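Asks: Can you keep this structure in mind? I'll have questions shortly.
The values are calculated or read from the model by the stated rules, or taken from the named source; none is laboratory data. Source: prediction; values computed, not measured. Neighbour counts are summed over all protein chains in view; Cβ atoms, including those assigned to glycine, are modelled from backbone coordinates with ideal geometry.
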Amino acid sequence: MSVALVCPYSLSRPGGVQGQVLGLARSLTGRGHRVAVFAPVDRTAEVPDGVELVSTGHSTSLRGNGSVAPVSVSPRAIRRALADLRAWGPDVVHVHEPFAPGLTYGLLAARGLPPIVGTFHRSGGSVLYTLLRPVARPLAGRLAVRCAVSDAAAATAQAALGGTYDVLYNGIEIDRFTGVDPWPTTGPTSLFLGRHEERKGLAILLEAWRLLVDAGPLRAGSDGPPVLWVAGDGPETEALRRRYPESASVRWLGVLSEEEKLRRLVGADLLAAPALGGESFGMVLLEAMAARTVVVASDIDGYRDAAGGRAVLVPPGEARALAVALRGIVDGVLAPSGHEAGAGDAGGPLGGRHGWLEAGAARAAQWSMASLAERYEERYRALVVGSGAGAAVHCSDDD
């Protein structure tokens, strides 16, 4: 079977949707399918290895919902990408975030294409859904299957577009965490991965880290002072770096390669995910669990669902509460379960740090990309077998 995976966001920028598309492409290819990813690319040197790529142009940064989307909106690039897709001749077209600006609208408006599967990632209010609802609702009828990565994403899409949605989830390439050489550390180390914008909560984390450091030395037995690794960049980077400059306790890393990201996830003692809201699914939490790293995160719907009781959750936007949780983990006062540690680190229902990490890894394994690829494959095959009439198909949540 041949599958065209369409990503509206530039592959030259790290992001959750981009990562899901690339991971799914690799998994489907490994299952013997012919797969191509159609996506914007700004620098050809950053084309991912092991994936057949068809560029849909260079991206433009569009702001919306507290974030910045790197999308290609050139009409010429959209026409060229449609021609490339027709020439490539897929059996199924799988569009991620179907109503992001760019090629996705061109696909839904075009005629004579193979069945189209749409996966919705966004949760929370959407300016685009509000402004484009008169156009988007009729175009949504062109989707043969509508999927969503979480209940929150399904609810958002349903409120804007109507219809029914098959809630699958996101996937993790578990094998990519096997045999990874940990990034060396000199003391208890926390990692932030994400775009530097308000909704990701980096400003809250940096203030919490200042409170943690100002609280004084860690308990005896620590190898060195605590360190916060801050990865990524964004509109708040410059201002935050001025307020919290590079120091022995704060290291600004910039945008990481995939290899370095994996090594730092495995090397860190904990991942801090302080987002304020708008997260449909906490994929970064599950990646940390797969890397056997403790997670401290905001208590928001997307993160709570992903964590499944395997993360320390704190109220979003409360720097002092976050500082207490972070300090409790790096200082050994709290077991990773969030309970006070007892003798021999046996605190918490999972038997201390080792039991907690193993439980987290098992939780992450439930969301493997291999399993997700198999579930999408079932839907592709159903469409290809019955696509002669081009009838719309809506899967139930329990099929």
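Asks: Take the residues of the stretch 32-46 that are in a loop (DSSP other than H, G, I, E, B) and surrounded by 15 or more Cβ atoms within 10 Å (Cβ to Cβ): which is modelled with the highest pLDDT?
Replies: His33
Asks: Another one. Return yes when Arg26 is farther than 29 Å from Ala160 by Cβ, in contact (Cβ under 8 Å) with a residue 24 or more places away in the chain and in a helix (DSSP H, G or I) and no when it is not.
Replies: On the way: farther than 29 Å from Ala160 by Cβ: yes; in contact (Cβ under 8 Å) with a residue 24 or more places away in the chain: yes; in a helix (DSSP H, G or I): yes.
In short, yes.
Asks: Are any residues in the stretch 271-302 modelled with pLDDT under 90 and touching an Asp or Glu at 6+ places or on another chain (Cβ under 9 Å), and if so, which ones?
Replies: Scanning the stretch 271-302 gives Gly277, Glu279, Ser280, Phe281, Gly282, Asp301, Gly302.
Asks: When you scan the stretch 164-219, how many residues do you find that are among the hydroxyl-bearing types (Ser, Thr, Tyr), in contact with a Cys (Cβ under 9 Å, 6 or more places away or on another chain) and buried (at least 20 other Cβ atoms within 10 Å of the Cβ)?
Replies: Residues flagged as among the hydroxyl-bearing types (Ser, Thr, Tyr), in contact with a Cys (Cβ under 9 Å, 6 or more places away or on another chain) and buried (at least 20 other Cβ atoms within 10 Å of the Cβ) within the stretch 164-219 amount to 1.
Asks: Where residues in the stretch 133-159 are outside any strand (DSSP E or B), in contact (Cβ under 8 Å) with a residue 60 or more places away in the chain and surrounded by 15 or more Cβ atoms within 10 Å (Cβ to Cβ), which of them is nearest to the chain's Cα centre (by Cα)?
Replies: Across the stretch 133-159, the extreme among qualifying residues is Val149.
Asks: Looking at the structure I just gave you, is Gly282 on the phi > 0 side of the Ramachandran plot and either surrounded by 14 or more Cβ atoms within 10 Å (Cβ to Cβ) or out of contact with any Leu (no Cβ under 6 Å at 6 or more places or on another chain) (or both)?
Replies: no
Asks: Further, regarding this structure: Let me spell it out: the conditions are (1) out of contact with any helix residue (DSSP H, G or I) (no Cβ under 6 Å at 6 or more places or on another chain); (2) free of Cβ contacts under 8 Å to residues at least 60 places away in the same chain, and Tyr244 meets all of them except one. Which number is the exception?
Replies: So the condition that Tyr244 fails would be (1).
Asks: If you don't mind, another one. Please work out which residue is modelled with the highest pLDDT, limiting yourself to the stretch 312-337 and to residues that are within 16 Å of Pro217 (Cβ to Cβ) and in a loop (DSSP other than H, G, I, E, B).
Replies: Asp331
Asks: Which one of these does Val250 not meet: (1) closer than 20 Å to Gly15 by Cβ; (2) surrounded by 18 or more Cβ atoms within 10 Å (Cβ to Cβ); (3) free of Cβ contacts under 8 Å to residues at least 60 places away in the same chain?
Replies: (1)
Asks: Ok, one more. How many residues are assigned to a loop (DSSP other than H, G, I, E, B) and within 21 Å of the chain's Cα centre (by Cα) if we restrict to the stretch 180-234?
Replies: Number of matching residues: 10.
Asks: Okay, moving on. Condition first: acidic (Asp, Glu) and either at pLDDT below 95 or in contact with an Asp or Glu (Cβ under 6 Å, 6 or more places away or on another chain) (or both). Can you find one or more residues in the stretch 144-159 that meet it? It would help to see each step written out before you state the result.
Replies: Going residue by residue through the stretch 144-159, those that are acidic (Asp, Glu) are 151.
Those still in the list that are either at pLDDT below 95 or in contact with an Asp or Glu (Cβ under 6 Å, 6 or more places away or on another chain) (or both) too: 151.
Within the stretch 144-159, one or more residues are acidic (Asp, Glu) and either at pLDDT below 95 or in contact with an Asp or Glu (Cβ under 6 Å, 6 or more places away or on another chain) (or both).
Asks: Next up: Identify, from the list Ala231, Ala307, Ala272, Ala325, the residue that is within 18 Å of Asn170 (Cα to Cα) and surrounded by 19 or more Cβ atoms within 10 Å (Cβ to Cβ).
Replies: Selected residue: Ala307, the only one of Ala231, Ala307, Ala272, Ala325 that is within 18 Å of Asn170 (Cα to Cα) and surrounded by 19 or more Cβ atoms within 10 Å (Cβ to Cβ).
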